[in-house]
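Below: one structure, written as structure tokens.
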């Protein structure tokens, strides 16, 4: 009986070996669809036919869309200009621009009252500076002194913004409460009243050259609505 059991074991072992060999012959065969096993191959950057691994290209800056524009200006006549400007300067926001415009308004009004042409010149276009400086010169010729106090400056509002001829042009509405007094050379008030607060509404237009590295805006036009 033990002899027969030994023969059975040998027969079973031979059968198992035969099955393993058949499986290897089938599973080990390439079909032409398996990925190559070249060392160093990165699935994200597949090796080209000339054995050069292509590098990823630089990220392309997305074009501005309406979603980049502050909601208050979407669907308004200003939206196309804002989209164009945002494509040139993605960091631009209306809120920051108006904050800077308010400071410029205060600087310019104060400098004009003090006859400070050195402060005014880099902030104004040649045309506006010419008019401001001529007015200052006239006052100086008459010996007059202007005193202006900004009592209240309300948050400015963007009236329009357009991109034209390589520059962006923005009009801003300023509403302020001011005390304006003009004195003669003897210090006598010849115009205005120290006790009278005047409501003033101005539209100032600023421009910025998109082809220049200088990010500063200059004042190119002024008009009063009073």
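The values are calculated or read from the model by the stated rules, or taken from the named source; none is laboratory data. Remember, it's a predicted structure, so these values are computed and weren't measured experimentally. As a convention, Cβ positions derive from the backbone with ideal geometry for all residues, glycine included, and neighbour counts pool all protein chains shown.
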TODO: Go through segment 70-86 residue by residue and tally those that are touching a helix residue (DSSP H, G or I) at 6+ places or on another chain (Cβ under 9 Å), in a helix (DSSP H, G or I) and farther than 10 Å from residue 163 by Cα.
DONE: 4
Task: Residue that is part of a strand (DSSP E or B) and under 28 Å from the mean Cα position of the chain (by Cα), where the choices are 147, 159, 106 - done: 159
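Yes or no, residue by residue, for (1) assigned to a helix (DSSP H, G or I); (2) touching a strand residue (DSSP E or B) at 6+ places or on another chain (Cβ under 8 Å); (3) surrounded by 14 or more Cβ atoms within 10 Å (Cβ to Cβ); (4) at pLDDT 55 or above:
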| position | (1), (2), (3), (4) |
| --- | --- |
| 32 | no, no, no, no |
| 55 | no, yes, no, no |
| 96 | yes, no, no, yes |
| 99 | yes, no, no, yes |
| 112 | yes, yes, yes, yes |
| 118 | yes, no, no, yes |
| 128 | yes, yes, yes, yes |
TODO: With the condition kept exactly as written, say whether any residue in segment 113-128 is touching a helix residue (DSSP H, G or I) at 6+ places or on another chain (Cβ under 9 Å) and farther than 15 Å from residue 218 by Cα.
DONE: yes
Open item on the list: So in segment 190-209, with the set limited to residues that are at pLDDT below 90 and more than 19 Å from residue 154 (Cβ to Cβ), which one is surrounded by the most Cβ atoms within 10 Å (Cβ to Cβ)?
Closed with: 192
Task: Yes/no for residue 105 being touching a helix residue (DSSP H, G or I) at 6+ places or on another chain (Cβ under 9 Å) and under 22 Å from residue 200 (Cα atoms) - done: no
Open item on the list: Against the conditions (1) without any contact (Cβ under 8 Å) to a residue 60 or more places away in the chain; (2) in contact with a helix residue (DSSP H, G or I) (Cβ under 9 Å, 6 or more places away or on another chain); (3) surrounded by fewer than 17 Cβ atoms within 10 Å (Cβ to Cβ); (4) over 17 Å from residue 197 (Cα atoms), where does residue 141 fall short? Just the number, please.
Closed with: (2)
Open item on the list: Quick test of your reading of the structure: residue 187 fulfils all but one of (1) outside any strand (DSSP E or B); (2) in contact with a strand residue (DSSP E or B) (Cβ under 7 Å, 6 or more places away or on another chain). Name the failing condition by number.
Closed with: (2)
